[in-house]
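Structure record follows, encoded as structure tokens.
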Amino acid sequence: MRELRKNLEELQGLGMLRTLKTIAGPQGPRVMLDGREVLLLCSNNYLGLAGHPDLIEASCAATRRFGVGSGASRLVSGTMELHDRLEQRIAAFKNTEAALVFNSGYAANTGILQGLAGPGDVIFSDQLNHASIIDGCRLSEARTLVYPHRDMAALESLLQTESSRRLGRFLIVTDGIFSMDGDMAPLAELVALKDRYDTLLMVDDAHGTGVLGATGRGTAELLGCLDRVDLHMGTLGKALGSFGAYLAADRVVIDTLINRSRSFIFSTSLPPGVLGASLAAFDLVDGPEGAQRRQALETNRKLFAERLRQAGVDLCDSRTQIVPILTGEPVPTMEAARRLLDSGVFIQGIRPPTVPVGRCRLRATLMADHRPEEVSAAAELILDTLADLPG
Ligand SMILES: *Cc1c(COP(=O)(O)O)cnc(C)c1O
């Protein structure tokens, strides 16, 4: 125990200690923190659906009708009508043969990669892919080759080398929107490479689902290749407001995962209330209100990012509602986050290992139900705070 405490104290000294903040009330565009209302600029509840009355009502109705728990893993006793309905809904949304719901994005990525790849296979993984993808690659025991972020020439050269001694399956895996940089994978180029080298392409669209594309079908819709992606992974706990995740793909892939994916097989399935909320979320995202909310989010994003860019702030290559504000080292980053919170803006400082050493940042995320004037005011406050920072 003493050793553990010492480690924590060391982290604190380096500005690297992570602690939890408790908010009171629901996850809205503003939240109550220590008895004070602050602007929430760090939630992935991009469309504001987490507190939407339609989702709340659907969740309550599903709970009243089906109970609070699913009772077991779905292979044991837990497949309920709502699992089936949600999977049909997701497959229709992504225009695939089938879909499979997982308990979270973390469980999905570890389960999908472990279920589809094994020793003898090769996974090609973008350097900035989410931690759950990295862990899925490890669990799969496939050889994993990490290519420099969005570097298609480097990826092609790896594919070429590996093709000459190929034994098993090839799988390219990438985030759709990268969660810490807010930039997008070059999906059109990835599709071309996957065709040329007979490779499966998996896109983790945790942040794009519901947000990008004319109808919210995600990064692949925006980039015009929705029907060229083999494995559409997405989450239900971000823009969709509820909880859980899915893979939409060919039937044979889904059936393979039902038989092999350990996070699917060995875990109690999502409860009815969560499934009901997700079904309502797809209705919203697919309807006029979804389009409206996407538009409002885009308006806020533009206001915020253009103001900061214009002032010369490094926002990496962000093109989306995730706007990283590069600050460099941990101590000034956390000091900036603390000062902003004092001034009523809740934004998280992001440090290694989540981002590379020297690339700490304030990671702002916009929401559809932020008011444009509060987004502008937050941008000004951030500029003032950065200007006043020591060092
Ligand atoms: C959030 C996230 C996940 C994990 O999803 P959860 O449902 O929160 O477990 C996976 N991949 C990416 C890119 C994410 O941003």
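Remarks
- Under 21 Å from K194, Cα to Cα: lysines that are on another chain or at least 8 residues apart: K94
- Nearest-20 debye value, the chain charge dipole, Cβ charges on Lys, Arg, Asp, Glu: 700
- Selected from L113, L11, A185, residue furthest toward positive end of dipole (the chain; charges at beta carbon): L11
- Relative contact order %, the chain, counting alpha carbon pairs below 8 Å whose residues are six or more apart: 22
- Length available on full extension from L14 to T256: 0.36 nm per residue minus the Cα-Cα distance, which gives 82.6 nm.
- Each of S77, S261 has its accessible area taken with a 1.4 Å probe; listed largest first, they run S77, S261.
- Sorted largest first, extent of the range 53-286 alpha carbons per principal axis (Å): 57, 38, 29
- When both the range 9-41 and the range 117-134 are represented by their alpha-carbon centers, they are found 32 Å apart.
- Global size of the range 18-109 as Cα Rg and Dmax, reported in angstrom: 17.0, 49
- Only Cα pairs under 8 Å and 6+ residues apart enter the sum, and on that basis the relative contact order of the range 162-220 stands at 35 percent.
- Sorted largest first, the spans of the alpha carbon positions of the range 238-391 along the three principal axes are 56, 38, 27 Å.
- Residues of the range 314-356 with amide N under 17 Å of the 7 Å Cα→Cβ point at E189: 317-319
- Accessible surface of the chain [probe 1.4 Å, protein heavy atoms]: carbon and sulfur percent: 53
- Label zone at E141, where the point sits 7 Å out along the Cα-to-Cβ direction: the range 154-173 residues whose backbone N lies under 19 Å: 167-171
- Once all protein chains are placed together, D54 keeps about 80 Å² accessible to a 1.4 angstrom probe.
- T268-A24 FRET efficiency (beta carbon distance; Förster radius 30 Å; 0.05 resolution): 0.55
- For the chain, the spread of Cα positions along each principal axis, largest first, Å: 56, 55, 51
- Accessible area per residue for the chain is 44 Å², calculated with a 1.4 Å probe on protein heavy atoms, without ligands, DNA or RNA.
- For the range 284-365: Kirkwood Rh in Å [reciprocal of mean 1/r, alpha carbons]: 13.9
- Sorting M32, M1 on solvent-accessible area from highest to lowest, probe radius 1.4 Å, gives M1, M32.
The values are calculated or read from the model by the stated rules, or taken from the named source; none is laboratory data. Predicted model, so just to flag it, every value in this text is computed and none were measured. All Cβ positions, glycine included, derive from the backbone under ideal geometry; neighbour counts span all protein chains shown. Areas reflect the complete protein model, heavy atoms only, side chains present, ligands, DNA and RNA absent. Shrake-Rupley method; radii C 1.70, N 1.55, O 1.52, S 1.80 Å.
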